[in-house]
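Shown next, in structure tokens, is the structure this report addresses.
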Ligand SMILES: [Zn+2]
Ligand SMILES: [Zn+2]
């Protein structure tokens, strides 16, 4: 198995996005003036395994509109085709795309891919609800044209600390697990690498490893309680299995993948 970190440009977010206020200002602060972060990577991932090439998310496009709490820095060359080519791979070889959630910086690159696309049924339902639809209109972040992924439900065997999973490979070494919080239908992908470590492609389950250890819900998830319970589950999993934890926007994710650096207990 070979896992590639692809990067489709960067994004700066408000500091209040990374470390939100509590209470009613949690979401409000995102729309008020405030300090900005350093550029954070917009990662997606390619997994070569058993003769198949799986893409987890598809990254952002150069045409993405800035929003009150995120400024995108993506050139056309940094979009998915360039990112895939830089990894020595070809988009034509992609067998399947699995999406962690429906946000633009994870799905906008779909425009470049012809392979079948899947997303969790809970996430697809959420993306069609009134509030996310309103936010996409207000923030000028439409779903990519023709967005119609096939829904899956995670109803299989427990996987470590996760009560249910869904196999994404015949040998069960790649699975999807539920990690709700950032969005209600958010999933993460766990790959059991050749040395038995669990490489967790965590999407936006958290922005950083620090946020996971801090058990801190983010600023935009609809229910912080659900989010914190997910972080507890992820930490329990990391405690029971050597886990390389890779959020999509963590500046340290690519180095942790390259060095197989597992989450330490704390
Ligand atoms: Zn997101
Ligand atoms: Zn994201």
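Taken together, the values in this text are just the output of simple stated rules run on the coordinates, not laboratory data. Predicted, not measured: the structure shown is a model, and the values here were computed from it. Here the Cβ positions follow ideal geometry from the backbone for every residue, glycine too, while neighbour counts run over all protein chains shown.
Couple of notes before you dig in:
- Dmax and Rg, reported as Rg then Dmax, of the range 185-266 (C-alpha, Å): 12.0, 37
- Put in line by how crowded their Cβ is, counting other Cβ atoms within 10 Å and starting with the fewest, 262, 199 read 262, 199.
- Oblate is the label for the range 63-203, because the ratio a/c of its alpha-carbon gyration tensor axes (a ≥ b ≥ c) is 1.5 or higher and a/b is not greater than b/c.
- Packing-based ranking, highest mean first, of 3-12, 98-107, 184-193 given that Cβ atoms within 10 Å are counted: 98-107, 184-193, 3-12
- Inter-probe distance in nm under a simple model that places probes 7 Å from Cα toward Cβ, at residue 169 and residue 38: 3.2 nm
- Estimated [θ] at 222 nm from DSSP helical runs (n ≥ 4, -39500 (n - 2.57)) normalised by residues in the chain, nearest 500: -6000 deg cm²/dmol
- The value of relative contact order for the chain, using C-alpha pairs under 8 Å at least six residues apart, is 16 percent.
- When peptides 200-209, 136-145 are ranked by their average number of other Cβ atoms within 10 Å per residue, the highest-first order is 200-209, 136-145.
- Extended-chain gain in nm, criterion 0.36 nm per residue less alpha-carbon gap, residue 21 and residue 95: 22.5 nm
- For the range 143-190: rounded, prolate or oblate by the Cα gyration tensor [a/c cutoff 1.5]: oblate
- Estimated FRET transfer efficiency when R0 is 30 angstrom, pair residue 31-residue 111 (beta carbons, to 0.05): 0.60
- Global size of the range 44-88: 13.0, 43 Å for Rg and Dmax (C-alpha atoms, Rg to one decimal, Dmax whole).
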